[in-house]
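What follows draws every value from the coordinates through simple rules; no lab data is involved. Keep in mind that what you see is a predicted model, and the values were worked out from it rather than measured. Here the Cβ positions follow ideal geometry from the backbone for every residue, glycine too, while neighbour counts run over all protein chains shown.
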Amino acid sequence: MRLGYTDEAAAFMQWLEARCGELDADGALQVMYGIDGRHILTEEVLSHLEGYQQSAPVRIGNKAYNQLQLDIYGALMDAVYLYDKYGAPISHDLWTDLTRLLNWVCNHWHLEDEGIWEIRGRRHAFLHSHLMCWVALDRGLRLASTRAFPAPRARWRRVRDQIYREIYTHFWTPACQAFVHYKGTQGLGAASLLMPLMRFISPMDPRWLATLRALEARLINDALVYRYKTDDTFQDGLLGQEGTFSMCSFWYVECLSRAGDLDKARFLFEKALGYANHLGLYSEELGLRGEHLGNFPQAFTHLALIGAAYDLNRRLSAAGHQG
């Protein structure tokens, strides 16, 4: 919408509204649907095909469609909130469905899940999942207030604040001086980079800056960012070695930009641009030699690039930097 693609945003909102009209009986959504709205995405391995540099297996469908990923509710509510604010007012019917959905979040936010990275190992209570449940309720409250929608505001506010306190109590680890990947670990996860981007914490808050330094020491190498590290205490259930995750590199740039470190943000942004292929496209991961790995092209990476570019350009222009 910031770039003027309002028709596309409206079409996507219509698609979201249709999915919200198909909530489970208890008010839950699936993690994903087919582009045509289908619910069943049975995963199959195509053993007769191979990917880039003989990578395998090649899959169609997605086994993760029946996972529990609590972060989707925050992503959805943030999109709805922004569309209602900058696009067109949402309908009564959509709000009725969203009320059921947010009540489901109030009942289930505390559960362990597979999380944003769709791990195929055991479930955990992930920081990012808690964060996005907070986002869901926060944006729901903002919508209810702005549009004077009927809503159980006292309950939503109580649960939103409970999640906030839970994150500071159980995910901030003084020994690490950082917000950790999931409850009970000392490990870090790059999804924490979304904390200031989702306006949960100030990008210049001392605890956030300490977390950023910890990420730089343990998951970040120059402009390249690992989404997590696997070890004996955390396994994602996937074979092979983890590469750096290009989307996280652009989240990192935007965090630096919002924290006011514009020179470093611009330097690393331009370095990250150098990892695109000759068409300016990215896969989801980069290997040890800068080779593209995983899904290609990956939309998430390009969306994160646009977000970083937009924020950095705005702040550089305000500071009087020359292009």
**Study point:** Residues of segment 38-55 satisfying the condition of being surrounded by 11 or more Cβ atoms within 10 Å (Cβ to Cβ) and either on the phi > 0 side of the Ramachandran plot or assigned to a loop (DSSP other than H, G, I, E, B) (or both)
**Key:** HIS39, LEU41, GLU43, LEU46, LEU49, GLU50, GLY51, SER55
Exercise for review: Take segment 78-115 and flag every residue that is of a type outside the set (Asp, Glu) and in a loop (DSSP other than H, G, I, E, B).
Suggested key: GLY87, ALA88, PRO89, ILE90, SER91, TRP109, HIS110, LEU111, GLY115
Exercise for review: Kindly indicate whether any position in segment 275-283 is outside any loop (DSSP other than H, G, I, E, B), in contact (Cβ under 8 Å) with a residue 24 or more places away in the chain, hydroxyl-bearing (Ser, Thr, Tyr) and buried (at least 20 other Cβ atoms within 10 Å of the Cβ).
Suggested key: no
**Study point:** Residue among ASP93, ASP97 that is closer than 21 Å to TRP15 by Cα, surrounded by fewer than 16 Cβ atoms within 10 Å (Cβ to Cβ) and in contact (Cβ under 8 Å) with a residue 60 or more places away in the chain
**Key:** ASP93
Study note, to complete from the structure: Subset of segment 289-308, residues within 21 Å of MET198 (Cβ to Cβ), of a type in the set (A, V, I, L, M) and either over 18 Å from the mean Cα position of the chain (by Cα) or crowded, with 17+ Cβ neighbours inside 10 Å (or both), comes to ALA304, LEU305, ALA308
Review point. ALA75 versus (1) free of Cβ contacts under 8 Å to residues at least 40 places away in the same chain; (2) surrounded by 12 or more Cβ atoms within 10 Å (Cβ to Cβ); (3) not in a loop (DSSP other than H, G, I, E, B); (4) not basic (Lys, Arg): which is the lone unmet condition?
Key: (1)
Check your understanding: Can you tell me how many residues in segment 159-216 are among the aliphatic types (A, V, I, L, M), more than 21 Å from TYR73 (Cβ to Cβ) and not in a loop (DSSP other than H, G, I, E, B)?
Key -> 6
